[in-house]
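Any read-out appearing in this document is the output of simple, stated calculations on the displayed coordinates, not a laboratory observation. Keep in mind that what you see is a predicted model, and the values were worked out from it rather than measured. Backbone-built Cβ (ideal geometry, glycine too); neighbour counts: all protein chains shown.
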Amino acid sequence: MAIPIINGWRSYYPVANEGLGSSYERMVLNKLLLELYKTNKYHNALESPCFGFTGISGINLVALAQAGCTVYLEDHEPERIELIKASWQKLNLELQIRCNPGYRKLDYPDQALDFAFNFSAMWFVEDLADFISELCRVVREHILICVPNRSGLGYKGQLKGYSASKYPQLRLAHIDPQSIIWYMQKYGWRLLKQDYIDCPPWPDIGMPKEEYLRSFCGKKVLVESKPIDPDKALSIMPYYLGQDPYFATRMMRFHTFEQFAPNCFKHFWAHHRYMLFAK
């Protein structure tokens, strides 16, 4: 969910502490991305926009890069781009990243890319039709779009502090699945699959629990803020660096809940949903 991270994304870089929610989220997303990669053997992949949910930005495609896929990213914030570059340098991985302020144009040749996706990021594009048209032009195989679950209780709760004047960069109409599907079909793509993703046993609060308690309780409850202990920080970065080999196992122990929860439950509880399109 992007609303809580709009003003707080810088906080994840001094000490990588993404929390349990984002860590699980990354692993279920990696599972989906790697399944697609192994089946289709993509040579290259684009994430645009690459800023969308809590945690370190710009590392959603690291697993594909480590598997041998060439990765391209786009972001609209120059400062964040430099921090993303630094994250990839720590991992000793090649990266092509560009600044794209409005995402109206994608500076790639026709059908230059095998695969494109974004995660909770469609509301940052200025014009939905223009962006999807460009995405369809530059991609030749599959497009995966993940959006917040607008029926979810967590999403509805996070809208508590939303207003168009307060968050002009968020265009809520652009995360409507039916609008995305309509435009994709208009440009000649077919919907292969849609489903819920990121449905752990905890609610979608989209922020550290301390901040959530403050926003929920207001001034009635004082929640102590403590400095983050780097040794106790939870992030996928040590896993990518080979320093935490059991990270995936710890995160995926929660996946059983997601696998067996019925869709009627996920409709209200899942944090995100995805749409997979083919040319």
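Which one of 15, 247, 203 has its Cα pushed farthest toward the positive end of the charge dipole of region 3-278, where Lys and Arg give +1 and Asp and Glu give -1 at the Cβ?
203
Would you mind working out the magnitude of the charge dipole of the chain relative to its Cα centre, with +1 at each Lys and Arg C-beta and -1 at each Asp and Glu C-beta, to the nearest 20 Debye?
Here the chain has a charge dipole of around 640 debye.
How large is ³J(HN,Hα) for each residue in region 156-165, as worked out from phi by the Karplus curve 6.51 cos²θ - 1.76 cosθ + 1.60 (θ = phi - 60°), to whole Hz, x for Gly and Pro?
3J(HN,Hα) across region 156-165, in whole Hz: 4, x, 6, 6, 3, x, 8, 8, 4, 6.
Determine the calculated [θ] at 222 nm for the chain from helices alone, applying -39500 (n - 2.57) to every DSSP H run no shorter than 4 residues and normalising by the residue count; nearest 500 deg cm²/dmol.
Taken over the chain, the calculation gives -10000 deg cm²/dmol.
Quick one: what are the phi-derived ³J(HN,Hα) couplings along region 175-181, Karplus 6.51/-1.76/1.60 with θ = phi - 60°, whole Hz, x for glycine and proline?
Rounded to whole hertz, the list is 9, 7, x, 5, 5, 5, 4.
Using just the C-alpha positions of the chain as equal point scatterers, what log10 of I(q)/I(0) does the Debye formula give at each q in 0.10, 0.13 1/Å?
-0.50, -0.88
Over 26 Å between Cα atoms: which of 31/186; 166/193; 85/186; 85/266; 90/166; 38/193 fall into that group?
In this structure, 31/186; 166/193; 85/186; 85/266; 90/166 exceed 26 Å between Cα atoms.
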